[in-house]
Each structure stands twice: as C-alpha cells, then as structure tokens.
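So the structure is just underneath, and the comments pick up after that.
What follows draws every value from the coordinates through simple rules; no lab data is involved. Quick caveat: nothing in here was measured; it's all calculated off a predicted structure. All Cβ positions, glycine included, derive from the backbone under ideal geometry; neighbour counts span all protein chains shown.
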Amino acid sequence: MFRVGKVEIEPMVSSRFRLDGGSMFGFIPRALWERKAPPDEKNRIRLNVNSLFVKVGDERILVEPGMGLKYDDAARDIYALREMDARGALLGIGSDPGEISLVIATHLHFDHAGGSTFWGDGGNATPSFPGAKFMVQAREWEEALNPHPLAKGSYIPDDYFPLEKAGLLKLVDGDEEVKEGVFVQLTGGHTAGHEIVRIRSEGEELIYLGDLVPTSSHLRLNWLMAWDMFPQETYTQKKKYLEEACGKGSTVIFSHDPDLFGGRLRAVPGGYELVGETVIRLRPR
Ligand SMILES: [Zn+2]
C-alpha cells in the first residue's frame, strides 16, 4: 500500500495470460520487441492485468476488473490463462471484495471488463461486485452495444450486460471527478471510449494509463498495439499524458506489464523510460 496524498493505493495483479507478441507491438519488428518481451514457442508474450485498489475515505474503488475466469478450456489454452481474478487478488491483499463500492474500467474489452462478472448459479454471468457501481464511458458503452466488425471479438456481452440488468451501470461522458481526488478522463485512441484514471491529492499524482501505454516497453512513442482502433489518437494522447506525467513527476501505472506496475518517468530519445529507484515492483510470485 502506498499513498498519493490522502489516497491509499494498492496495485495488484488481477490476471496473468499471454497474447501474440506481434499483436502487442503493431508494426514494430519482432527483432526489436523480442528483446524486451521474449515470446514463447507460439509467439506469445507474458502479460498481466494490473489493477488498483483505491481507498478514499469510506469509499473502496477497484480500477480495472481484469480478464476474469469465464472462459472455456480452448480459450484458457489460447491465452495461457492462469486461475486468478480481481476478487482473488483483493482477498490476497486482505480486502473484502464485498466492500468495493465502485468499479472503474478503462474500456470494455474482455481482458479489462471480464472480471466484472463470473459464472454464478445456473451458469449465468453474475456481477462479481454486487455492492459496486460499474463506471465506464458512455461512448464505450455505445461501442460495446454494437461493436465495429474489427473490434467485435474483443467485446463479450456477458462481461457487461449483467451489470446493466442489475442496475449497477454508471455511464460517464468525458472527464469527471468521480470521488474526491479520483478523476476519469476520456482519451479515445485504443477504443473511441477509452479512459484513463488520475488520482490527485495534496500535490501528488498517479495516472493509470490503461491501454494507452500497456507495458513499460510501450513508453517508446511509436510502439503501439495492433489492437488500437485509432492509432493516431493513441499516439497523440499517449504523448500528451507522458509529457505531462514526466514534467510533473507523476507516477504512471501500466495495465499489462508482466514485471512491474509503473513508476516515474524520464525523457529519452523516442519516448520515455522509468526512473530506476521509483519503479513499483510486483510482489514475488
Ligand atoms: Zn488490454
């Protein structure tokens, strides 16, 4: 647990899986990315979903519910998915998933929103955090209702319709302070409705970058994922927020880095790198 001003934050790993390395680095040649992210025999690289548990006053917030466990054997094999989810991660840090009052997802792709539901009684997708509102951008919700053919495979209705049905859905439009010191900000880029989460208190700041900058390797500005629906927008937004975070000494958190949560930045040619002594490392596995 560490603090950003008055806000207590515990980063935690909600999912561990693998995805094709090429898809994670778009047009960057394998000869370059494989040094940073060594692929397995199926060309897959290790990835996490790194979530945040945030305590603001009485409020308990989960940022990014992760992939969850609603997958059949074939999908588990394709993604080399480990048996873990955000509820387990919360229990692991000594927190009660039933106390979560707000869940924020940067977007509704299954690797980010899947953990918001689980297979409940009768094999129905059931909200994982029944005491929590689920917050996402209205623009993202529209996309999930009727995904573009290129993005359809990334949206799984069982991840989010049960939340609407249970009356838990809370849509935001653009930028908003959702709790004291906790802000969501619409960025677009990865998806039209992608948002980031900023936590600001007493002059300190942490930015959860979602899929604008999924891993520390993506701190190079032109290293973009093939999954980005609007890569030019990703580039623009990523540049803007990294520049700002670097200038202000904000801590950034990566959604998918398999080895670390984030840290502070310093500018290098072509992008940014983490300042060694500020790196927030994962707990040993
Ligand atoms: Zn993702």
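Data for the structure
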quantity: Tally of residues being of a type in the set (Val, Ile, Thr) and closer than 30 Å to Leu150 by Cβ across region 231-285; calculated: 4
quantity: Tabulated pairs, region 264-282, first in contact (Cβ under 8 Å) with a residue 40 or more places away in the chain and within 17 Å of Leu209 (Cβ to Cβ), second polar (S, T, N, Q) and not in a strand (DSSP E or B), C-beta under 9 angstrom, 6+ apart or interchain; calculated: Leu265/Ser250; Leu265/Thr278; Gly271/Asn222; Glu273/Ser216; Leu274/Ser216
quantity: Total residues in region 74-88, condition of a type in the set (Asp, Glu) and either outside any loop (DSSP other than H, G, I, E, B) or surrounded by fewer than 18 Cβ atoms within 10 Å (Cβ to Cβ) (or both); calculated: 2
quantity: Scan of region 177-222 for residues that are within 16 Å of the chain's Cα centre (by Cα), away from the ligand (no atom under 16 Å from the Cβ) and assigned to a strand (DSSP E or B), ordered by number; calculated: Val182, Phe183, Val184, Gln185, Leu186, Arg198, Ile199, Leu206, Ile207
quantity: Contacts under 9 angstrom Cβ, first residue in region 218-239 being among the acidic types (Asp, Glu), partner more than 15 Å from the ligand (Cβ to nearest atom) and in a helix (DSSP H, G or I), 6 or more apart; calculated: Asp228/Tyr235
quantity: Of all residues in region 133-168 being within 18 Å of the chain's Cα centre (by Cα) and among the hydrophobic types (A, V, I, L, M, F, W, C), the one that is nearest to Gly210 (Cα to Cα); calculated: Val136
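Yes or no, residue by residue, for (1) farther than 26 Å from Pro127 by Cα; (2) among the aromatic types (Phe, Trp, Tyr):
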| position | (1), (2) |
| --- | --- |
| Phe161 | no, yes |
| Val197 | no, no |
| Leu206 | yes, no |
| Leu224 | yes, no |
| Asp228 | yes, no |
| Tyr241 | yes, yes |
| Lys248 | yes, no |
| Phe261 | yes, yes |
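Yes or no, residue by residue, for (1) loosely packed, with under 13 Cβ neighbours inside 10 Å; (2) of a type in the set (S, T, N, Q); (3) within 16 Å of the ligand (Cβ to nearest atom):
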residue: Trp227; (1), (2), (3): no, no, yes
residue: Gln232; (1), (2), (3): yes, yes, no
residue: Lys238; (1), (2), (3): no, no, yes
residue: Glu243; (1), (2), (3): no, no, no
residue: Gly249; (1), (2), (3): no, no, no
residue: Asp257; (1), (2), (3): no, no, yes
residue: Pro269; (1), (2), (3): yes, no, no
residue: Ile280; (1), (2), (3): no, no, no
residue: Arg283; (1), (2), (3): yes, no, no
